Structure formats: C-alpha cells, structure tokens
1. Is one or more of the residues making up segment 118-134 under 26 Å from residue 26 (Cβ atoms) and part of a helix (DSSP H, G or I)?
2. Look at segment 160-214 and say how many of its residues are within 11 Å of ligand 1 (Cβ to nearest atom), within 30 Å of residue 107 (Cβ to Cβ) and part of a helix (DSSP H, G or I).
3. Considering only residues that are away from ligand 1 (no atom under 11 Å from the Cβ), in contact with a helix residue (DSSP H, G or I) (Cβ under 8 Å, 6 or more places away or on another chain) and under 14 Å from residue 110 (Cα atoms), which ones fall in segment 50-69?
4. List the number of the failed condition for residue 128; all other conditions in (1) at negative phi; (2) more than 10 Å from ligand 1 (Cβ to nearest atom); (3) buried (at least 17 other Cβ atoms within 10 Å of the Cβ) hold.
5. Look through 209, 191, 196, 153 and report the one residue that is touching a residue at least 24 places away in the same chain (Cβ under 8 Å), within 13 Å of ligand 2 (Cβ to nearest atom), on the phi < 0 side of the Ramachandran plot and more than 20 Å from the chain's Cα centre (by Cα).
6. Inside segment 15-41, can you point out the residues that are closer than 25 Å to residue 68 by Cβ and assigned to a helix (DSSP H, G or I)?
7. When you check residue 306 against the structure, is it under 17 Å from the mean Cα position of the chain (by Cα) and either closer than 30 Å to residue 77 by Cβ or within 16 Å of ligand 2 (Cβ to nearest atom) (or both), yes or no?
8. May I ask you to verify whether residue 296 is under 14 Å from residue 124 (Cα atoms) and away from ligand 2 (no atom under 16 Å from the Cβ)?
Ligand code: NAD
Ligand code: TYD
C-alpha cells in the first residue's frame with residue numbers, strides 16, 4: 001500500500017485528483033492536507049471523507065510543525081503539491097499571501113520530504129510561468145525550455161516555487177517532477193474564475209464582466225485530463241523533469257462567454273465589457289508533445305463535450321455554488337467588479 005499526500009485536495013483540481021486516485025488506485029491511501037481557505041468549499045470533499053482510504057488534515061502548508069507532524073504520522077511515499085493561492089486578480093490586490101503560500105509553503109513541504117524521505121515530490125505548476133504569447137503569432141507555443149517570463153504576482157510566485165523545486169533536486173537530490181498545465185475547467189471550480197463566474201452570473205441574469213475586449217486567449221483542458229496527466233508523470237515521468245500538459249484548445253474569452261450564454265439560453269445583452277486586468281496576459285498556448293511522447297498521455301475530453309458537462313454540473317449543483325457565493329464572496333465581488 002502506497003501513501004500519497006495531496007496538498008490542496010479540497011480545491012478544484014486537487015479534489016479531482018483525489019477522486020481519481022480513490023477510484024483508480026484503490027490500493028493507495030490518500031492523505032489530503034488543506035487549510036480550507038476561501039477557495040475550498042468543505043462540502044466538496046464530503047464523499048471522500050466516507051472512504052476508508054482517505055484521511056483529511058485541516059493544516060496550512062506554511063505551518064512547519066503541523067506539516068512535519070503529518071509526515072511523522074503518515075510517512076507518505078509520494079507528495080503532490082496542489083495547495084496554492086491560485087487567482088491572478090487576487091494576486092494583483094494582495095501579492096504577499098501568494099509568496100507565502102506558493103513559495104514558502106512549497107519549501108516547508110520539501111523540507112519535510114528531505115527529513116522523512118520520499119519517492120517523489122511533484123509540484124503542480126502552471127503555463128503562466130512562461131508569460132504570454134502575442135495574439136498575432138499563432139505559430140508560437142510554450143515548450144518546457146521556453147524561458148520563464150512572468151507577468152502577475154501569481155505567476156511569479158509559481159515560477160519561484162518551480163525554481164526552488166529544481167534547486168532542491170540539484171542541491172539535495174530530492175526526487176522531484178513538475179507539471180505545467182494550461183487553464184482547467186470542470187466541476188467544483190470556485191466562481192471567481194472565468195467559466196464558473198460567467199455561469200453563476202448568467203443563472204442570476206447578472207452582467208457578465210468581460211475584461212478589455214474579450215480577445216485574450218486561453219488554452220483550456222478538462223480538469224480530469226489534467227489529473228490523469230499528473231498521475232502519468234508520477235508513474236512514468238523522469239525525475240528532475242518538467243512536463244507541459246495541455247490539449248491545443250485555444251479560445252478567446254468572448255467565445256467562451258458566448259458558448260455559456262447559448263448553452264444556458266440567456267441573451268448576449270448580458271455581456272458587459274469592463275476595465276481590463278492590469279498586465280493582462282494575451283495568449284497562453286501549450287505544446288504538450290513531450291508528455292504525449294514520453295508518458296503516452298493525451299487529453300480524452302473534447303472542449304465541446306467538456307463545456308457541456310461542466311455547465312450541466314453547475315446547473316445540477318446550484319447549492320454548491322450558493323455556498324461559495326455567500327458571505328465573503330459578496331464583498332470580493334463588490335470590490336473587484338463594483339465600479340469597474
Ligand atoms: P484552488 O484555488 O481551487 O484550490 C487551492 C486549494 O489549496 C484550496 O483547497 C485551498 O484551501 C488550498 N490552500 C490554499 N492555501 C493553502 C495553504 N497555505 N495551506 C494548505 N492549503 C491551502 O486552485 P486550483 O485551481 O485547484 O489549483 C490547484 C493548483 O493547480 C495550484 O497550484 C495552481 O497554481 C495549479 N494550476 C491551476 C490551473 C487552473 O486552471 N486552475 C492551471 C494550472 C495549474
Ligand atoms: P481566469 O479564470 O482568472 O484565469 P487566468 O487569468 O489564470 O487565465 O481568467 C481567464 C481569462 O478570463 C483571463 O483572460 C481573464 C478573463 N476574465 C474576464 O474577462 N472576466 C472575469 O470576470 C474573469 C474572472 C476573467
């Protein structure tokens with residue numbers, strides 16, 4: 001029996017990863033360490049809590065003693081670090097917490113790995129570390145050796161963490177891998193991100209706030225395909241390597257918003273163009289050739305199907321959305337969009 005410690009397992013992608021493990025690796029024990037920030041709705045993990053192969057610790061990855069105690073008790077073979085502050089707009093308002101969680105939290109986890117011994121530490125990274133590509137050069141893509149060139153405090157904190165992970169490999173021979181994925185979509189994503197925010201607003205006939213002209217391009221991957229990619233890296237990837245994960249699925253934001261409105265039967269008059277994000281990255285586009293060739297990984301869910309599944313899930317889980325959008329969220333929404 002292997003023990004895999006997943007941080008951030010109550011969040012959007014980490015929870016999907018835990019679900020995948022419990023389903024497809026029933027001989028593994030899954031230990032979820034999550035401090036349950038605003039981004040984690042506790043009801044997300046209610047099914048997993050019933051599974052005897054799953055343990056949950058409400059602990060902050062910045063809490064060195066707390067993390068070391070968990071390692072002492074659980075002795076994980078593998079650690080996968082999803083825990084992060086993940087929203088670019090929040091990083092523009094308040095960068096400090098991004099540096100603390102995303103960089104120093106990663107350091108604490110790797111220090112625990114060094115002390116207790118580990119087969120693999122996997123860092124869940126993002127394509128945002130490569131900066132952006134111009135809209136008029138559709139021939140360009142991010143490769144693993146594309147220089148780091150970050151734009152936002154979020155992407156800078158994630159790039160710093162990646163560099164620290166590689167430093168722990170080189171200096172202390174910690175067996176690490178890194179995956180860098182494009183934008184994810186699917187169930188359980190907190191409605192501060194584009195797709196669930198637009199679904200939620202459309203459901204309430206509220207304006208859909210599109211930044212700038214809505215022409216920025218993101219490369220979308222269904223969340224379960226991302227999680228399968230991470231599992232492939234754990235099982236087939238080479239230590240010390242970086243793997244880009246993406247599905248060549250580029251869409252301008254405005255296209256996404258229109259697809260959502262059409263699917264929900266709501267009018268395009270709900271679209272409202274608002275002041276652009278500061279430093280807004282133009283285009284992200286991953287070249288996943290290395291992961292495909294080395295790991296045999298490839299996306300399985302086409303965007304046209306994945307977006308329908310996603311919208312259907314949010315329609316069937318309005319309670320979950322309501323839980324996320326009460327209290328703090330209302331203040332957040334007012335601050336970010338109030339007089340934008
Ligand atoms: P999320 O914001 O939905 O979830 C983050 C989770 O981490 C939450 O459950 C939160 O409670 C937890 N967390 C935050 N700070 C913590 C701390 N200090 N200690 C313990 N737990 C803490 O994020 P997500 O979208 O699921 O992203 C997960 C990871 O994947 C992040 O590292 C992110 O950078 C990366 N990533 C995300 C995307 C995307 O499109 N969402 C794409 C590529 C990479
Ligand atoms: P987001 O989901 O925040 O992901 P990221 O910035 O990490 O790619 O945003 C995706 C795109 O959607 C990005 O170009 C910003 C844009 N966007 C809007 O136009 N309006 C919004 O309300 C939000 C949250 C995002």
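The values are calculated or read from the model by the stated rules, or taken from the named source; none is laboratory data. These numbers were taken from a predicted model, which means no experiment stands behind them. Methodologically, a virtual Cβ is constructed for each residue, glycine included, from the backbone with ideal geometry; neighbour enumeration extends over all protein chains shown.
1. Step one: of segment 118-134, the residues under 26 Å from residue 26 (Cβ atoms) are 118-124.
Narrowing further to those that are part of a helix (DSSP H, G or I): none.
Taking every residue of segment 118-134 in turn, none turns out to be under 26 Å from residue 26 (Cβ atoms) and part of a helix (DSSP H, G or I).
2. 2
3. 64, 68
4. Of everything listed in (1) at negative phi; (2) more than 10 Å from ligand 1 (Cβ to nearest atom); (3) buried (at least 17 other Cβ atoms within 10 Å of the Cβ), residue 128 misses just condition (2).
5. Details: 191 fails: more than 20 Å from the chain's Cα centre (by Cα); 196 fails: more than 20 Å from the chain's Cα centre (by Cα); 153 fails: more than 20 Å from the chain's Cα centre (by Cα).
Only one candidate qualifies: 209.
6. Let us first name the residues in segment 15-41 that are closer than 25 Å to residue 68 by Cβ, namely 15, 17-18, 21, 28-37, 39-40.
Answer for segment 15-41, where residues must be closer than 25 Å to residue 68 by Cβ and assigned to a helix (DSSP H, G or I): 15, 17, 18, 21.
7. On the way: under 17 Å from the mean Cα position of the chain (by Cα): yes; either closer than 30 Å to residue 77 by Cβ or within 16 Å of ligand 2 (Cβ to nearest atom) (or both): yes.
In short, yes.
8. On the way: under 14 Å from residue 124 (Cα atoms): no; away from ligand 2 (no atom under 16 Å from the Cβ): yes.
Here the answer is no, as residue 296 does not meet what is asked.
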